[in-house]
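Peer 1: To start, I am sharing the structure in question, which I have written as structure tokens.
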Amino acid sequence: MPNRYAAVLWVASLVPGVAIGQQASSGAAPNFTIDQAVTCSVHDAWELGGKTEAGFFAIVQAEAELAAQKRGLVLPDNETVGHQFGEYIKTQAKMDHDQLLYAIVDRAVRKYGTKPAAGGSK
């Protein structure tokens, strides 16, 4: 469970003013499947997330968890690393809104993720 919270902390710095656990401004959580999310460009993810910071954040969080699982990595439970992770994603996303968001998130997971500790649950 700490790894899930680490992902939240990592991406919390992605968009200033997003409160952890905040839902989309419409009051409803964004409705998407991970299959939809991984095929989205940065712009498409913004649309899929309901054009809200919280919706976009939910997509990034889901993609980070998927990438970490697929890569056999864990997301460190560290606020400083979380800030760096979020800044990396924000910088890369701003470079080209037509690039796949999952590719950016996957690169961030590879850059900041770590191998699980020996004897860990993953």
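The values are calculated or read from the model by the stated rules, or taken from the named source; none is laboratory data. Keep in mind that this is a model prediction, so the values were computed, not measured. Heavy atoms of the whole protein, side chains included, go into the accessibility calculation; ligands, DNA and RNA do not. Shrake-Rupley method; radii C 1.70, N 1.55, O 1.52, S 1.80 Å.
Peer 1: Please tell me if Gly17 is within 14 Å of the chain's Cα centre (by Cα), modelled with pLDDT under 95 and open to solvent by 30 Å² or more (accessible area, probe 1.4 Å).
Peer 2: Considered against the rule, which asks whether it is within 14 Å of the chain's Cα centre (by Cα), modelled with pLDDT under 95 and open to solvent by 30 Å² or more (accessible area, probe 1.4 Å), Gly17 comes out as no.
Peer 1: Only one of (1) at pLDDT 95 or above; (2) small (Gly, Ala, Ser); (3) over 16 Å from Phe32 (Cα atoms) is not met by Gly82, so which one is it?
Peer 2: (1)
Peer 1: Restricting to region 63-122, name every residue that is open to solvent by 60 Å² or more (accessible area, probe 1.4 Å), assigned to a loop (DSSP other than H, G, I, E, B) and not polar (S, T, N, Q).
Peer 2: The answer is Asp77, Asp96, His97, Asp98, Lys115, Ala117, Ala118, Gly119, Lys122.
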